[in-house]
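The values are calculated or read from the model by the stated rules, or taken from the named source; none is laboratory data. Keep in mind that this is a model prediction, so the values were computed, not measured. All Cβ positions, even for glycine, are placed from backbone atoms using ideal geometry, and neighbour counts span all protein chains on display.
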Amino acid sequence: MKIDENQKFIVLDYDAETNVHKLAFVDSADEALNKWGANTRISPVWRLVPGLAPLPHRLRKKIGIAFLGPVNPLFLETDFGATIFKRFKVGQFWSSLGFFNLIILLADDDEFETAKVFAEQRNCSIELWEFDDEGLVSLIEATKKIRLCSSGDGLKSSWETRGIYCKEVHDLESDIPRFLFELCQFAAKSLGDPNE
């Protein structure tokens, strides 16, 4: 798998008055900024080109999109290999910056399920969005996973597990006080002693 050098931007906009989401891929930062609003999510994206499978001859209509992360985009190719375009028929994969760093366009309900299984196997978060006939999107499912890693003396690393104790937090409501306490400990250690 390789990353295309041509950067684009994904723009997810929400109109609170009409309760409508709109999704667009734009070519320039100016286009992204022109669509900017109070409820807009914008991220630079790069197309991922799988190397193990030939591109499909005919692309399928998109019915949805999956945002996954954090996950190494190479896992998409290592997990699916030459069957990648049979499993995801639209054949469009993108890498972005930030927490949800893998984007997959989806063609049918089976692909929604395949994306969910992939996220579960790779222990990453996922948001599944569905398009309507006008290209508008609605969130249909989201799971968020946060990994807290500690070695007994506070939070060490949010995503590395180099032999240290690591606990997944699936229910943030019950674990939020402990999470905030450990996060504050980590921040305090990172900032150092203010008296020095």
Review point. If you go through region 41-64 one residue at a time, do you hit one that is within 13 Å of the chain's Cα centre (by Cα), assigned by TED's automatic domain parsing to the domain that holds residue 124 and at positive phi?
Key: no
**Study point:** Tally, over region 73-99, of residues that are without any contact (Cβ under 8 Å) to a residue 40 or more places away in the chain and assigned to a loop (DSSP other than H, G, I, E, B)
**Key:** 5
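Conditions (1) at positive phi; (2) at pLDDT 90 or above; (3) assigned by TED's automatic domain parsing to the domain that holds residue 45, marked per residue:
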{"position": "91", "(1), (2), (3)": "yes, no, yes"}
{"position": "105", "(1), (2), (3)": "no, yes, yes"}
{"position": "153", "(1), (2), (3)": "no, no, no"}
{"position": "164", "(1), (2), (3)": "no, no, no"}
Point to revise | Pairs with Cβ under 8 Å, 6+ apart, first in region 123-140 and surrounded by 12 or more Cβ atoms within 10 Å (Cβ to Cβ), second of a type in the set (Phe, Trp, Tyr) and in a loop (DSSP other than H, G, I, E, B) | key: 125/99; 125/100; 127/100
Practice item. Would you mind stating whether residue 171 is modelled with pLDDT of 50 or more and among the charged types (D, E, K, R)? Key: no
**Study point:** Residue list for region 13-30, restricted to those being part of a strand (DSSP E or B) and of a type outside the set (A, V, I, L, M, F, W, C)
**Key:** 13, 14, 15, 21, 22
Point to revise | Hits in region 31-51 - residues which are assigned to a loop (DSSP other than H, G, I, E, B) and farther than 13 Å from residue 12 by Cα | key: 50, 51
